[in-house]
Structures are given as C-alpha cells and as structure tokens.
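Below you'll find the structure, written out as structure tokens, and then a few comments.
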Amino acid sequence: MGQLVAEFEIAEILEDNPEQLWERTYQASGISKEYFDTYFKGRDKAYALRIGALTIFETPIEPQSLIDNFTAPQSYRYIPPPVRQLALF
C-alpha cells in the first residue's frame with residue numbers, strides 16, 4: 001500500500017453547475033474535460049476543492065501505522081509542477 005507524502009489545507013469548497021465549475025477550475029484541475037464530464041454526467045451541481053497551504057513530508061508516512069484498518073482514498077492524481085503551482089494561487 002502507498003504512503004502519505006503530503007497534506008494540504010482546503011482553502012475553499014467550490015459549488016456550481018458542472019459547466020460553470022469546469023470554466024472556473026479547468027486550468028488547474030489536472031483532469032481532462034472528458035473525464036470531468038463523465039464524472040458529473042446527469043448532475044445539476046458539482047463540487048471541487050481549492051487547495052490552500054501544501055506541506056510535503058520529509059519522510060513519507062505509513063498510514064497503517066497510524067490508522068487501524070486504513071483504506072486508501074478512492075482516487076488520486078500526480079500533478080506536474082507547473083500545474084501544481086497554479087493550484088496554489
């Protein structure tokens with residue numbers, strides 16, 4: 001199982017209809033329009049997190065050592081540095 005390598009603060013929870021949310025977030029989303037549309041298909045409301053302060057751990061953390069019966073999140077994505085920098089502003 002993977003390790004925890006960073007944490008971030010939630011600066012804002014964004015809520016809008018899917019098309020408007022895409023227009024507000026696509027430049028720093030790290031996903032394709034096709035993926036976004038599939039995920040929110042048939043929905044009137046869509047949500048996203050605006051990432052705030054990011055802390056990258058010097059030593060990755062084994063989640064099983066902290067949390068009994070740890071289950072990994074449903075998904076994650078590695079974001080390349082230029083996009084990651086955009087997401088912080």
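From the phi of every residue in segment 24-40, what ³J(HN,Hα) in whole Hz does the Karplus formula 6.51 cos²θ - 1.76 cosθ + 1.60 yield, where θ is phi - 60° and glycine or proline is x?
After applying 6.51 cos²θ - 1.76 cosθ + 1.60, I find 7, 10, 4, 5, 10, 6, x, 10, 7, 4, 4, 5, 4, 4, 5, 5, 9 Hz.
Rounded to whole Hz and in sequence order, give me ³J(HN,Hα) for segment 65-72 from the Karplus expression 6.51 cos²θ - 1.76 cosθ + 1.60, θ = phi - 60°, writing x for Gly and Pro.
7, 10, 10, 4, 6, 4, 10, 5
Laboratory data are not the source of any read-out in this text; all were calculated from the coordinates shown. Just so it is clear, the structure is predicted and the values come from calculations on it, not from any experiment.
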